[in-house]
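Before any comments, here is the structure.
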Amino acid sequence: MTINGVDGDPKPHFVLVPFLAQGHIIPMTDFGILLASRGATVSLITTPVNAARIRTTIDRAAAASLPIRFVELRFPCAEVGLPEGVENIDVLTTQKQTEYGKNFFQASFLLQRPLEHYIEQQSPRPSCIIADLTQPWTRHVARNLRLPRLTFVGLSTFTLLSDHNIWRFNVLDDVKDDKEPFEIPGLVQRILVTKAEAPGFFAGWDELAEEIRQAEFEADGIVANTFEAMEAVYIAGYAEAMQKQVWSVGPFLLGCTPAISDKAARGNRAVVDVPQCLSWLDSKEDISVVYASFGTQTHMKLAQLMEIGSGLEAAGHPFVLVIKDGERSRDVEEWAVALEEKVGPSKALLIRGWAPQAMLMSHPAVGAFITHCGWNSTLESITAGVPMITWPHNGDQFLNERLTVEVLEIGVSLGVKVPMSWDDLHEQGPVVPRDAIEEAVRSLLDEGHEEGKKMRVRVRKLREKAKEAMAEGGSSYLNMTHLIEQFAQNDKEREELNGD
């Protein structure tokens, strides 16, 4: 018995297990859509709350008769002491992440048995589990059911290799001061970071960090949302370090057709009137607008938002500023309304809640992006051909900044050196002053700034390379082909061995 793809050839069945945070669900959903569009059967594991967020994509995939199932498992909030409905870590404010973060991971681990039950009910059995790096419990599922498992990494391979080499060579053992710069070993460039900027993933959660690393080593291969023309040396370096094949099959955003993946609804429902947003951007000159957004898991205090607003106002260019739901309060709203009145509706567009970032970034009016350096946002900027103003907060973001600013040279840094951690963010004052924001915006958008023009040329060349990678015959397209074919062949050999 075989799974038949759109071309009639046997196709494998992939079970995708994202981590339940929007920055992880978005690329995994895109990846699932791409696999299904190539004829593979896909089961994407989610929960009711998270499925509701991507309902538009689910409905479009169904309308297109794609062989992808969105499997809603009950998330065990009550069993671990989580408030009911907390099925996505982004629902928690920064302070609540400190309080409930470990509970959330415990709940994720409890999905093991429901996932095993789902897989056991499938006939024929799935070909492979592809699980997010931060879902290490899936190795037990794979072992129990004797299935291969690939690690899905929503990070740059530059960051992955850098983190691995820092760990492998025990670099941090000799670093006493959090602010002391050290060189990352094993890279082709000389890249300096501090312990505060690169403490390792899940620093302070040693047991979880060790389990994640062990699961990474036990995986049968790695799937990465990147492309060879941008990261070839790091893809190869990471593959050699892990002694595994790394399938670079991105950037996923460029492979999803508008008929299935609506940029305006990517990841969640936008809170703004999309035609109105586009009309506002249409009224602006090309390369004149700065877009400022800081991902789903970072939260700014009012004092820092005020500095950002003042810096954008002083720079003199039209701007879009996203204020997340977790940042909203009566005081923030009073400030936002006052800023809009002061600057005027033609110069300021403030979005309160989920913004259609991929759609906004792709508009020709957007000429600069102030970003927290999450990998999804970085790729969205590259695929839109927009240079970045970098403001990392925590996690992998400082290493992503090094790739953007020092390796690819498509961004200007705001000079942030202090992580904005879950524990102390609510106590910190402004990290970046308005003058720094004004200067950075001017360096990319003002006339006469040659370095800004050079960055724009470089990022647009990368955009074209990304398009080539995802087009038929490109490196990422062919890597996806090889991935599907390998597991189709594995299925065939298994069937022959079992006499099916």
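Every number here is computed from the coordinates shown, using simple stated rules; none is lab data. Note that the coordinates shown come from a computational prediction; the quantities given were computed from them, not determined experimentally. A quick note on method: Cβ atoms are made from the backbone with ideal geometry, for glycine too, and the neighbour counts reach across all protein chains shown.
Run the helix sum for the chain: -39,500 (n - 2.57) per DSSP H stretch of 4+ residues, divided by residue count, reported at 222 nm to the nearest 500 deg cm²/dmol. Please report the intermediate quantities before stating the final value.
Values: 19 runs with 223 residues, N = 500.
Theoretical 222 nm ellipticity from helices: -14000 deg cm²/dmol.
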*Please list, in chain and number order, the residues 5+ apart from Ser43 or on another chain whose amide H is under 5 Å from its amide H, with Hs placed from the backbone.*
Phe14, Val15, Leu16, Arg69
*Note down the net charge around Ala239, summing +1 for each Lys or Arg and -1 for each Asp or Glu among other residues with Cβ under 14 Å from its Cβ.*
-4
*At 7 Å along the Cα-to-beta-carbon direction for both Val457 and Glu84, put a label point, then send me their distance in nm to one decimal.*
6.1
*asked:* Please compute, for the alpha-carbon atoms of the stretch 265-465, the extent along each of the three principal axes and give them in descending order in Å.
replied: 44, 38, 33
*asked:* Report, in listed order, any pair from Lys342/Lys417; Lys176/Lys417; Lys284/Lys453; Lys324/Lys347; Lys195/Lys454; Lys284/Lys342 with a Cα-Cα distance greater than 22 Å.
replied: Lys342/Lys417; Lys195/Lys454
*asked:* Just to check I understand the Karplus step: with θ = phi - 60° and J = 6.51 cos²θ - 1.76 cosθ + 1.60, what whole-Hz values come out for the stretch 354-361, glycine and proline as x?
replied: 6, 9, x, 4, 4, 5, 4, 5
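For every other residue with a beta carbon closer than 14 angstrom to the beta carbon of Ile184, add +1 if it is Lys or Arg and -1 if Asp or Glu, then tell me the sum.
Numbers: positive: Arg168, Arg190, Lys195, Arg402; negative: Asp163, Asp174, Glu180, Glu183, Glu197, Asp396, Glu401, Glu406.
That sum, taken over residues with Cβ under 14 Å, equals -4.
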*Using θ = phi - 60° and Karplus 6.51 cos²θ - 1.76 cosθ + 1.60, couplings along the stretch 401-413 (whole Hz; Gly, Pro as x)*: 4, 4, 4, 5, 8, 9, 8, 7, 6, 10, x, 10, 8
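Given charges of +1 on the Cβ of Lys and Arg and -1 on the Cβ of Asp and Glu, with all other atoms neutral, how large is the dipole of the chain about its Cα centre, in debye to the nearest 20?
Details: 48 positive and 69 negative charges, 171 e Å.
Magnitude of the dipole: close to 820 debye.
Normalised radius of gyration for the chain, please: alpha carbon Rg relative to 2.2 N^0.38 Å, two decimal places. Spell out each step's value before the answer.
On the way: Rg = 22.3 Å, N = 500, 2.2 N^0.38 = 23.3 Å.
So the Cα radius of gyration is 0.95 times the expected 2.2 N^0.38 Å.
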*Order of His449, His317 under a 10 Å beta carbon neighbour criterion, fewest first*: His449, His317
*Separation of the stretch 83-162 and the stretch 365-394 by C-alpha centroid, Å?*
27
*Determine the distance separating the Cα centre of the stretch 164-215 from the Cα centre of the stretch 440-500; give it in Å without decimals.*
27
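Taking the Cβ of Ala196 as the center, what net charge do the other residues with Cβ under 11 Å away carry, scoring Lys and Arg +1 and Asp and Glu -1? It would help to have the intermediate numbers written out before the result.
Numbers: positive: Lys179, Lys195, Lys417; negative: Asp177, Asp178, Glu180, Glu197.
Spelling it out: positives minus negatives among the neighbours equals -1.
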*asked:* Antiparallel versus total DSSP beta bridges in the chain: what percent is that, nearest 5?
replied: 10
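Would you mind working out the magnitude of the charge dipole of the stretch 265-465 relative to its Cα centre, with +1 at each Lys and Arg C-beta and -1 at each Asp and Glu C-beta, to the nearest 20 Debye?
Working: 22 positive and 29 negative charges, 133 e Å.
Charge dipole, the stretch 265-465, about its Cα centre: 640 debye, nearest 20.
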*asked:* Taking amide H atoms as placed 1.01 Å from N in the peptide plane, list the residues 5 or more away in sequence, or in a different chain, whose amide H sits under 5 Å from that of Val412.
replied: Met388, Ile389, Thr390
